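Novice: Take this structure, written in structure tokens, and hold onto it; I'll ask about it next.
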Amino acid sequence: MNASGGHPVSMENIKKAHRIAKEHNIPLILDACRLLDNACLIREREQTYSQKSLKEIVLEFCSYTDGCVMSASKNYYVDTGGFIATNNEQLHNQFMDVVMVYGDGLSVRAKGKLNAAIQYPFKNERIINDRVNKSFYLWKKLEEAGVPVVRPSAGCAVFIDTHQLSEYIAPDQFPEKSFLVHLYLKSGILGSENLITTGQDEKGISMLRFAIPLKSYNVRHMNYVAKHIIQTWEERKQIKGLKKIYAAPCQSGKFLAQYQIIE
């Protein structure tokens, strides 16, 4: 969902992807970390599923795949953990080999919480709906103030189209990061650059993502976030760029990089 600006993979889309993968004998593995958000938006936007439960939508959606990987903290009320599931015995055996060598990385307590979440996966439907509503509330506030949000509103976050930032901050001065630093120093609000696909990068598409955790914030918090994002956007001409001063010599180097504000 993140690459699409928070919008769902439609039921028709997953059907077509499954058909193409099957024709070429390629297993289709789903990144299921936003599965319940995706189902919630399918119900909201696709008339055929407007009266379906999340469980019915999820079961049909997953039936068009050969398995999934799930980072459970995104949609289930757990701190950490996840799982891999597949209906392909050969893949299952390969996954088990990996677990035997590297372990599952979870404490006994974390396993217990994850197990409880898996046993009753749809009891959090109200919580998921609440996050969708809060996302829309924040999105509407920003849209009404003229911030270029990605339309329509998403279910788990609010996304901002940032191509206008390059009008005031040179591309080699990291305009998206500069905006986020300015916002954080003023308000303590953390956002992130949204991961984009190769095709989006070639077209110059860039977005900021403000994800909304489960059960964490109320309307007063949303008003605070909206106020400061709007103010920062209005001040974008005054935002100072950044200079990279260190990048770790490893694959994850960009996540460990250090920057300095250009005075």
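Novice: Roughly what angle does helix 54-63 make with the longest principal axis of the chain, taking Cα atoms, 0 to 90 degrees, to the nearest 10?
Specialist: The angle comes out near 70 degrees.
Novice: In addition: Report the antiparallel proportion of the DSSP beta bridges in segment 2-122 as a percent, rounded to a multiple of 5.
Specialist: Approximately 60 percent, going by the DSSP bridge assignments.
Novice: What do you get for the angle between helix 89-102 and the principal long axis of the chain? Use alpha-carbon atoms, 0 to 90 degrees, nearest ten.
Specialist: Roughly 60 degrees between the two axes.
Novice: Now for a separate question. Compute the relative contact order of segment 2-122 as a whole-number percentage, counting only Cα pairs closer than 8 Å that sit 6 or more residues apart in sequence.
Specialist: Relative contact order of segment 2-122: 22 percent.
Novice: Which of the lysines could a cross-linker span from Lys227 if the Cα-Cα distance has to be under 25 Å and same-chain partners fewer than 8 positions apart are dropped?
Specialist: Correct list for Lys227: Lys134, Lys140, Lys141, Lys177, Lys186, Lys215, Lys237, Lys240.
Novice: Would you mind estimating how fast the chain diffuses translationally, via Stokes-Einstein at 37 °C and 0.692 mPa s with the Kirkwood radius over Cα pairs, in µm²/s?
Specialist: Here the translational diffusion coefficient equals 160 µm²/s.
Novice: Scaled to the compact-protein estimate 2.2 N^0.38 Å, what is the alpha-carbon radius of gyration of segment 79-195, rounded to two decimal places?
Specialist: Ratio of Rg to 2.2 N^0.38 Å for segment 79-195: 1.53.
Novice: Can you tell me how much longer the chain between Gln231 and Val108 gets when fully stretched, taken as 0.36 nm per residue apart minus their C-alpha distance, in nm with one decimal?
Specialist: Answer, rounded to one decimal: 39.8 nm.
Novice: Right, something else. In which sequence would Met100, Met11, Met207 go, from the one with the fewest C-beta neighbours within 10 Å to the one with the most?
Specialist: Least to most surrounded, the residues fall as Met100, Met11, Met207.
Novice: Can you give me the relative contact order of segment 129-261 as a percent, contacts being Cα pairs under 8 Å and 6 or more apart?
Specialist: 27
Novice: Taking the Cα centre as origin and putting +1 on Lys and Arg beta-carbons and -1 on Asp and Glu beta-carbons, what dipole magnitude results for the chain, to the nearest 20 debye?
Specialist: Dipole magnitude for the chain comes out near 760 debye.
Novice: Within straight cross-link reach of Lys22, meaning Cα distance under 21 Å, which lysines are found once same-chain residues fewer than 8 apart are removed?
Specialist: none
Novice: Same structure again: Is the shape of segment 2-122 rounded, prolate or oblate, going by the alpha carbon gyration tensor and its root eigenvalues a ≥ b ≥ c, with a/c under 1.5 for rounded and a/b larger than b/c for prolate?
Specialist: It comes out oblate by the Cα gyration axes.
Novice: Applying the Karplus parametrisation 6.51 cos²θ - 1.76 cosθ + 1.60 with θ = phi - 60° to the phi angles of segment 103-109, what ³J(HN,Hα) value in whole Hz is obtained for each residue in order, glycine and proline being reported as x?
Specialist: x, 9, x, 10, 6, 4, 4
Novice: Hey, another quick one. Give me the distance in nm between label points sitting 7 Å out from Cα along the Cα-to-Cβ direction at Tyr246 and Ile261, one decimal.
Specialist: Going from the Tyr246 label point to the Ile261 one covers 1.9 nm.
Novice: In degrees, nearest 10, range 0 to 90: what is the angle between the Cα axis of helix 35-45 and the longest Cα principal axis of the chain?
Specialist: The angle comes out near 80 degrees.
Each value in this text was obtained by applying a stated rule to the coordinates, not by laboratory testing. None of the values given here were measured: they were computed from a predicted structure. All Cβ positions, even for glycine, are placed from backbone atoms using ideal geometry, and neighbour counts span all protein chains on display.
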